[in-house]
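Undergrad: Once you've had a glance at the structure underneath, I'll fire off some questions.
The values are calculated or read from the model by the stated rules, or taken from the named source; none is laboratory data. Since the model is a prediction, treat every value here as computed from it, not as a measurement. Don't worry about glycine lacking a Cβ; one is built from the backbone with ideal geometry, like all the others, and counts go over all protein chains shown. Protein only, heavy atoms only, side chains kept; ligands, DNA and RNA dropped before computing areas. Shrake-Rupley method; radii C 1.70, N 1.55, O 1.52, S 1.80 Å.
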Amino acid sequence: MMREYYLNTIILGIFIIIPIWAFIMDEPFTITLMTRAAIFALAAVGLNIALGLGGLVSLGHATFFGIGGYSMGILAYHAQTFTPLMEWPILVSGSKLMPLIWINAVIMSAVAGLLIGILSLRTSGVYFIMITLAFGQMFFFFSISWSAYGGEDGLSIYIRNSFPGLNTLVPIHYYTLCITLLCAVLWINSRLIKSPFGIALNAARQVPARVETVGLNPVRLKLAAFIMSGTVTGLAGALFADLNRFVSPTMFSWQTSGEIMVFVIIGGVGRLFGPVVGALVFVALEHWLGGLSDFWHIYLGLLLLGIVLFGRGGLIGMICGEARLHE
Amino acid sequence: MNNIVLSTKGLTKHFGALSASKNITLDLRVGEIHAIIGPNGAGKSTFISQVCGSIKPDNGTVHFLGRDVTQETVRDRAQAGLARSFQISALAMEDSVLQNALLGALGASRNPWRFLSPALGNKMLVEQAKHALDRVGLSDHANKRASELSHGQRRQLEVGIALTLSPKAFVMDEPMAGLGFEGSMKMTSFLNRLRQEAPILLVEHDMEAVFALADRISVLVYGEVIATGTVEEIRADPYVRDAYLGEEL
Ligand SMILES: Nc1ncnc2c1ncn2[C@@H]1O[C@H](COP(=O)(O)OP(=O)(O)O)[C@@H](O)[C@H]1O
Ligand SMILES: [Mg+2]
């Protein structure tokens, strides 16, 4: 069995070598594909904090993905139409500046995570899945009916937002931003898993009764995980909207929630690079099989079936075996 | 009375038509081991759960360190210094033995809100956890997964986690079950010393251990305390012999 550390390095290598190769060969489309994979990976890394560490099966993470997307859409829309976002009590105008958009996406996702988390964490199991799904659907239908921002048609942003010092319209520049954010979040995540919080959360997933008997509050630990999870997926949503220069209610749909979860399951629930592998495989299949047939999801379904039936730890589990302790 | 650490008064609990606890009044005093014995299904675990707060009594009160804690949560009582070990091991099975002990140390520190520094790098937490593992004889297994432990070792880890809390009272539900002869002997002498740190409310099936350890014994049958007394008194009580101890003594 390969050590997980080596596999992670290889995966990271793929995310570095392919775009460089594509840049040299002048294949911008490949870079865009890799950007898509990196962003999906980020969204799924977010979900993995709730799902893998906290054991929270959220079928509503599209909520955060969409909030991130609309954070970008709304701020950029007001900037490109030169209309204020809000005039009272203070004047707030739109923005085309990515860092500002990201901060906004993170804060909005955190607020949503707090509210949704407080309500959903009163339940568990199937009810938790249903409540998170219901919140996702609420946001979905709300965005459809929100005609100020395009309603069902969504919002088009004509020029990609800017980042100081980079030309974000150049695919490799935008890719560099996305992969840097992904790496930063993965690094934080790797620390989080081993931190006191990570250990307590891990236990709260497995034996909440034990966590209570040592005087800690398992629900509060899970709530914190849910919020963190939401902010990461929200950030990914903002990046995704900027990649497409377009945001629509689809980002809030339950299919989006499902896909994010599929990334995590394919790669390996609770494994640091699980979501990254899952997103990479998804984008590769989407690209190759999608070119062959419109029904490529059938093959994705077969892959998922195989992994769930035969490899409980996802692709990473199949290659590296059970996660090691104290690593 | 100042030397009473933990007490229950008229604790009553029904599960439907079944009375699992009937008017249970007993106390735990400084420096003592108070054993609760009784046949399977007598309501020992249910009683322990009410003491620790995971089951709310229908009636009656629980006092801990002079305070009425009947309405308080498991967490409140744990923070006040009540440490419980479960009859059916409640361990994070996927985690290492050391991580399980660390959880206890974290609980004692009351601050799990540290996100970026590795727990294993925190000397104080690790020392505390390792010390507890050492005391229950699990040092050599610190890096094993809890799921790899034998049944008896899991019981030891349960007690180890309780130790990390430096509690004011221990509540242990059958800590010797599955330990085997030698393990029981070791645990018996360990608990014997432990009572100096904090008194122990001990539910135990192993009569030899109970008679060796207990300062007082309460006999629970069908949810009711039918007798409380010293080892000699309980051994001599004809009613107890009849109802529970039977011919084995
Ligand atoms: N949550 C519950 N719901 C219904 N009945 C229960 C519950 N917990 C325990 N009981 C019943 O209460 C009685 C006492 O159980 P328990 O306290 O586990 O006994 P002991 O620990 O002395 O073996 C048993 O008859 C058991 O079936
Ligand atoms: Mg019991």
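Undergrad: Mind counting the residues in segment B:10-34 that are within 23 Å of B:Leu191 (Cα to Cα), among the aliphatic types (A, V, I, L, M) and crowded, with 16+ Cβ neighbours inside 10 Å?
TA: Matching residues across segment B:10-34 total 3.
One line per residue, one yes/no per condition, for (1) touching a helix residue (DSSP H, G or I) at 6+ places or on another chain (Cβ under 9 Å); (2) over 16 Å from A:Ile39 (Cα atoms); (3) within 14 Å of chain B (Cβ to nearest Cβ); (4) loosely packed, with under 15 Cβ neighbours inside 10 Å:
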site	(1), (2), (3), (4)
A:Ser248	yes, yes, no, no
A:Ser253	yes, yes, no, no
A:Thr256	yes, no, no, no
A:Ala279	yes, no, no, no
A:Leu303	yes, yes, no, no
A:Val308	yes, yes, no, yes
A:Gly317	yes, yes, yes, no
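Undergrad: Right, another one. Regarding B:Ser7, is this residue within 16 Å of ligand 2 (Cβ to nearest atom), open to solvent by 10 Å² or more (accessible area, probe 1.4 Å) and under 24 Å from B:Glu197 (Cβ atoms)? Give the steps one after another, and end with the answer.
TA: On the way: within 16 Å of ligand 2 (Cβ to nearest atom): no; open to solvent by 10 Å² or more (accessible area, probe 1.4 Å): yes; under 24 Å from B:Glu197 (Cβ atoms): yes.
For B:Ser7, the condition - within 16 Å of ligand 2 (Cβ to nearest atom), open to solvent by 10 Å² or more (accessible area, probe 1.4 Å) and under 24 Å from B:Glu197 (Cβ atoms) - is not met.
Undergrad: Exactly one condition in (1) crowded, with 20+ Cβ neighbours inside 10 Å; (2) without any contact (Cβ under 8 Å) to a residue 12 or more places away in the chain is not met by B:Gly104; state its number.
TA: The one condition B:Gly104 does not meet is (2).
Undergrad: Still on this structure, please answer the following. Mind listing whichever residues of segment B:210-226 are open to solvent by 10 Å² or more (accessible area, probe 1.4 Å) and more than 16 Å from ligand 1 (Cβ to nearest atom)?
TA: Within segment B:210-226, B:Phe211, B:Ala212, B:Ala214, B:Asp215, B:Arg216 qualify.
Undergrad: Still on this structure: Could you run through segment B:35-51 and say how many residues are on the phi > 0 side of the Ramachandran plot and open to solvent by 30 Å² or more (accessible area, probe 1.4 Å)?
TA: Count: 1.
Undergrad: Also, I was wondering about something else. Given (1) within 16 Å of ligand 2 (Cβ to nearest atom); (2) free of Cβ contacts under 8 Å to residues at least 40 places away in the same chain; (3) assigned to a loop (DSSP other than H, G, I, E, B), identify the lone condition not met by B:Thr70.
TA: Just one mismatch for B:Thr70, condition (1).
Yes/no per residue for (1) crowded, with 17+ Cβ neighbours inside 10 Å; (2) assigned to a helix (DSSP H, G or I); (3) over 12 Å from the mean Cα position of the chain (by Cα); (4) modelled with pLDDT of 95 or more:
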position	(1), (2), (3), (4)
B:Ser147	no, yes, yes, yes
B:Leu157	yes, yes, yes, yes
B:Phe170	yes, no, no, yes
B:His205	no, no, yes, no
B:Glu208	no, yes, yes, no
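Undergrad: Of the numbered conditions (1) among the hydrophobic types (A, V, I, L, M, F, W, C); (2) open to solvent by less than 30 Å² (accessible area, probe 1.4 Å); (3) not in a helix (DSSP H, G or I), A:Leu272 satisfies every one except a single condition; which is it?
TA: Here A:Leu272 clears every test but (2).
Undergrad: Ok, one more. Working carefully through the options B:Asp134, B:Asp140, find the one that is open to solvent by 10 Å² or more (accessible area, probe 1.4 Å), of a type in the set (D, E, K, R) and within 20 Å of the chain's Cα centre (by Cα).
TA: Going through B:Asp134, B:Asp140 in turn, just one is open to solvent by 10 Å² or more (accessible area, probe 1.4 Å), of a type in the set (D, E, K, R) and within 20 Å of the chain's Cα centre (by Cα): B:Asp134.
Undergrad: Only one of A:Ala284, A:Ala241, A:Ala225, A:Ala236 is touching a Phe, Trp or Tyr at 6+ places or on another chain (Cβ under 7 Å) and of a type in the set (Gly, Ala, Ser); which? Outline the logic, then answer.
TA: On the way: A:Ala284 fails: touching a Phe, Trp or Tyr at 6+ places or on another chain (Cβ under 7 Å); A:Ala241 fails: touching a Phe, Trp or Tyr at 6+ places or on another chain (Cβ under 7 Å); A:Ala225 fails: touching a Phe, Trp or Tyr at 6+ places or on another chain (Cβ under 7 Å).
Result of the check over A:Ala284, A:Ala241, A:Ala225, A:Ala236: A:Ala236.
Undergrad: When segment A:189-210 is examined, which residues are found to be facing chain B (nearest Cβ under 7 Å), over 12 Å from A:Leu53 (Cβ atoms) and in a helix (DSSP H, G or I)?
TA: Result: A:Arg191, A:Pro196, A:Ala209, A:Arg210.
Undergrad: Then there's this: Examine segment A:44-64 for a residue that is farther than 30 Å from A:Leu119 by Cα and buried (at least 17 other Cβ atoms within 10 Å of the Cβ), and state whether such a residue exists.
TA: No, that holds for no residue.
Undergrad: Which ones in segment B:25-51 are within 12 Å of ligand 2 (Cβ to nearest atom) and not in a strand (DSSP E or B)?
TA: Residues satisfying the conditions are B:Gly38, B:Pro39, B:Asn40, B:Gly41, B:Ala42, B:Gly43, B:Lys44, B:Ser45, B:Thr46, B:Phe47, B:Ile48, B:Ser49.
Undergrad: Additional query: Among the numbered conditions (1) within 16 Å of ligand 2 (Cβ to nearest atom); (2) open to solvent by 30 Å² or more (accessible area, probe 1.4 Å); (3) in contact (Cβ under 8 Å) with a residue 24 or more places away in the chain; (4) within 14 Å of chain A (Cβ to nearest Cβ), tell me where B:Ser54 comes up short.
TA: That leaves (3) as the condition not met.
Undergrad: Given the residues B:Lys22, B:Lys9, which is the only one that is of a type in the set (Lys, Arg), more than 16 Å from ligand 1 (Cβ to nearest atom), away from chain A (no Cβ under 14 Å) and more than 18 Å from the chain's Cα centre (by Cα)?
TA: B:Lys9
Undergrad: On to the next question. List every residue pair whose Cβ atoms lie under 7 Å apart, where the two residues are 6 or more positions apart in sequence or sit on different chains, the first residue falls within segment A:73-101 and is without any contact (Cβ under 8 Å) to a residue 40 or more places away in the chain and in a loop (DSSP other than H, G, I, E, B), and the second residue, located anywhere, is among the aromatic types (Phe, Trp, Tyr) and surrounded by 12 or more Cβ atoms within 10 Å (Cβ to Cβ).
TA: Close Cβ pairs (under 7 Å, with a partner that is among the aromatic types (Phe, Trp, Tyr) and surrounded by 12 or more Cβ atoms within 10 Å (Cβ to Cβ)) amount to A:Gly94/A:Tyr77.
Undergrad: Still on this structure, please answer the following. Checking B:Val62 against (1) surrounded by fewer than 17 Cβ atoms within 10 Å (Cβ to Cβ); (2) away from every other protein chain (no Cβ under 12 Å), which single condition isn't satisfied?
TA: (1)
Undergrad: Which of the residues belonging to segment B:173-182 are open to solvent by less than 20 Å² (accessible area, probe 1.4 Å) and either more than 12 Å from chain A (Cβ to nearest Cβ) or among the basic types (Lys, Arg) (or both)? Give the derivation first.
TA: As a first pass, look at segment B:173-182 and keep what is open to solvent by less than 20 Å² (accessible area, probe 1.4 Å): B:173-176.
Within segment B:173-182, B:Glu174, B:Pro175, B:Met176 meet the criteria.
Undergrad: Same structure, new question: Out of B:Arg77, B:Arg84, which single residue is of a type in the set (D, E, K, R), assigned to a strand (DSSP E or B) and within 14 Å of chain A (Cβ to nearest Cβ)?
TA: Going through B:Arg77, B:Arg84 in turn, just one is of a type in the set (D, E, K, R), assigned to a strand (DSSP E or B) and within 14 Å of chain A (Cβ to nearest Cβ): B:Arg84.
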